Amino acid sequence: MNLHPLQPELSMIGFASSILFLIGIFNCFYDKKFQSDYIFISLFYLVSSYFLFYAVTISGLCPIPFFYPEQPILSLTHLILFLGFSFLGANSVLPELKTKFQVFYILILGTVLFPVLYWIFHTGIMTNLHFADRGGFIPFLLASGSLVWFHETFFSEPEPDKKNQTNQPDVGFPYLIFVPWGCLVSSKFILNEVYLNLGLELLLLGGVSSFGFFLLSKIRKPENVSFSPITGFLSGVTFGSTSNGLSLALLLPLCFGLGILLQVFHWWLETKLWSQKAACLFTGLLMAGTAGVFSPILTWQRMDLPHPPLTMLGVQAIGFLTVFLLSSLSASLLFFFRKHSKN
């Protein structure tokens, strides 16, 4: 019987955290007028995907590594995470599509892209290659960041005042602080005794990175710090979840410096007329995730790595390119129905 090792009470914490994460994504990255579509797409995806994966599992067609018929809460938690990261990556293009294409695109991301990535990194080839990812959810963060990059690069419509567009990010930020405990459910290798502690560590790293990001933005532009808490927090969580083998004493200054560095990169993206939301997610997810993926170079002399240092960096590069290419391939589907936008 396929069972997740996480205790029931911890599973409930992960389930509640994933729901709060989904709410936070809407409040941070979507307009209120999209609320009805957001709810409809969410319910449609959760119901249809649950029954789809349930039917596949029960029929024995193929094993679904993230679906547990005997543990529906954990199964729903994974589906909510897939949905949340799909919404996160598609936030710039989804409201522009007609409803049927919105549903279709989310279904592609949530039932194909993210499940495939889960299989590759948790039971597939990257597991056999010993890809380093202590949190177990870096493929989803990198995939969302890659989707944002693809959408902003190929489907954005530059406007003179685009960089001044704002949202109400602080409204949803408190919900996003629960993301570590929701995402940690995706790993079968997180032991019960370290689940809460690792979540708190990622929360601390997110806070430190956010402080560095916020501090520099406050010094340079005290009147405009939009999205600073979110970008810094996401970058700290992302970097911390991927930095396998680094001690907390080393991660704290690294996350602080990363927050400052990403603030500079965030400014540069704004000069290129990137939207604030795209700049936020690209720096907080893809850039920070890339830094974390290649962080084993900081522990070059470690003897407990599964491969020699150069081989280990090659494995990490293969993992990163796998996520980036599959995400870009999925996003390229927009070329076929972008013309059916609402405008």
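What the table shows:
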read-out	value
Most mobile listed residue (Ser36, Ser241, Ser209) in the chain, GNM with C-alpha springs under 10 Å	Ser36
Theoretical ellipticity at 222 nm over the chain - DSSP helices of four or more residues, -39500 (n - 2.57) apiece, nearest 500	-21000 deg cm²/dmol
Compactness relative to 2.2 N^0.38 Å, alpha carbon Rg of the stretch 93-135	1.59
Spatially close lysines, pair count over the stretch 8-340: Cα under 15 Å, gap of eight or more or interchain	8
Zone residues, the stretch 270-288, relative to Phe155, backbone N less than 14 Å from point 7 Å out along Cα-to-Cβ	278
Projected-area mean, the stretch 17-124, by convex hull of Cα positions, square nanometres	6.8
Exposure proxy order (Cβ contacts within 10 Å, fewest to most) of Asp133, Asp37, Asp31	Asp31, Asp37, Asp133
Label-point separation, Val112 to Phe51 (7 Å along Cα→Cβ), nm	2.1
Convex hull per residue volume in Å³, alpha carbons only, for the stretch 8-340	130
Dipole magnitude of the chain, debye to nearest 20 (Cβ charges: Lys/Arg +1, Asp/Glu -1, about Cα centre)	600
Over the chain, relative contact order from alpha-carbon pairs under 8 Å, at least 6 apart, %	23
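Throughout, read-outs are computed from the coordinates displayed, never taken from laboratory work. Fair warning: this is a prediction, and the values are worked out from it, not measured in the lab. Virtual Cβ from ideal backbone geometry, glycine too; neighbours counted across all protein chains shown.
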